[in-house]
Amino acid sequence: MFELLPGVGLRLPGRAGTLRFGMDERTARWAVATVADVRDGWVCGARWAFSAQYRGLTLDAYGDTTDPRGRHQDTPGLAAIGFTRDPFTLAGPSACPVVLRGIDLFGYPTAEVSEALSEGLPPTLRLSGGDGLYLTAVSVHAEAVPVSS
């Protein structure tokens with residue numbers, strides 16, 4: 001089971017630990033490598049990115065983001081974590097829970113997940129695929145740090 005921790009990061013399955021926003025690439029890769037095979041990735045504006053496959057899910061992580069145009073806050077260390085479901089598994093619950101506030105986001109139909117989360121989502125969390133029966137993706141980002149004038 002993966003547990004999303006908005007403002008903190010992601011608790012990994014078993015005793016693999018927690019991916020924490022701000023952690024360095026090497027530490028993040030090592031933690032994920034204890035449960036899945038890590039592959040290099042690429043994200044525009046990020047110095048590093050990687051992905052891993054785990055029981056029908058793709059975990060994506062990236063960090064050290066910069067925006068030379070100044071439209072977005074630069075984020076040192078781990079900046080975002082996302083999950084995407086394998087398209088062949090979308091007709092039912094995911095084989096591996098991805099939990100937020102005790103709710104398996106990929107384990108129940110979208111309408112039930114939306115109702116259970118009716119009190120509002122953290123602003124750093126994004127859910128995708130609400131048009132189908134089950135959610136297809138979820139991501140959580142580091143909270144923006146206020147820019148001092």
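The values are calculated or read from the model by the stated rules, or taken from the named source; none is laboratory data. On a predicted model such as this, the values are computed, not experimentally measured, just so you know. Please note: Cβ atoms are built from the backbone with ideal geometry, for glycine as well, and neighbour counts cover all protein chains shown. Surface accessibility is based on the protein's heavy atoms, side chains included, excluding ligands, DNA and RNA. Shrake-Rupley method; radii C 1.70, N 1.55, O 1.52, S 1.80 Å.
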Exercise. For the chain, which whole percent of the accessible surface, found with a 1.4 angstrom probe, sits on carbon and sulfur atoms?
Worked result: 52 percent
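DSSP loop chymotrypsin sites (Phe, Trp or Tyr not before Pro) in the stretch 32-101 with at most 15 other Cβ atoms within 10 Å of their Cβ, which ones?
Those that pass, being in a loop and sparsely packed, are W42.
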For this session: Report the extension gain between D24 and D86 in nm, rounded to one decimal, defined as 0.36 nm multiplied by the number of residues separating them, less their alpha carbon distance.
Result: 19.6 nm
Exercise. So what is the 222 nm mean residue ellipticity for the chain from helices alone, if each DSSP H run of at least 4 adds -39500 (n - 2.57) and you divide by all residues, rounding to the nearest 500 deg cm²/dmol?
Worked result: -3000 deg cm²/dmol
For this session: Please tell me the relative contact order of the stretch 67-131 in percent, rounded to the nearest whole number, where contacts are Cα pairs under 8 Å and at least six residues apart.
Result: 16 percent
Exercise. Dipole size in debye (nearest 20) for the chain around its Cα centre, Lys and Arg Cβ +1, Asp and Glu Cβ -1?
Worked result: 300 debye
Seminar exercise, completed: In units of 2.2 N^0.38 Å, the Cα radius of gyration of the chain is 1.04
Seminar exercise, completed: Output for the stretch 34-101: trypsin sites (Lys or Arg not before Pro) sitting in coil per DSSP, at most 16 other Cβ within 10 Å, listed by number, reads R55, R69, R71, R101
Problem set entry | Residues of the chain: accessible area per residue with a 1.4 Å probe, Å² | 57 Å²
Exercise. What order do you get for 134-142, 19-27, 116-124 when each peptide is scored by the mean count of other beta carbon atoms within 10 Å, highest first?
Worked result: 134-142, 19-27, 116-124
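Stretch D37-Q73 to full length: gain in nm at 0.36 nm per residue minus the Cα-Cα span?
9.9 nm
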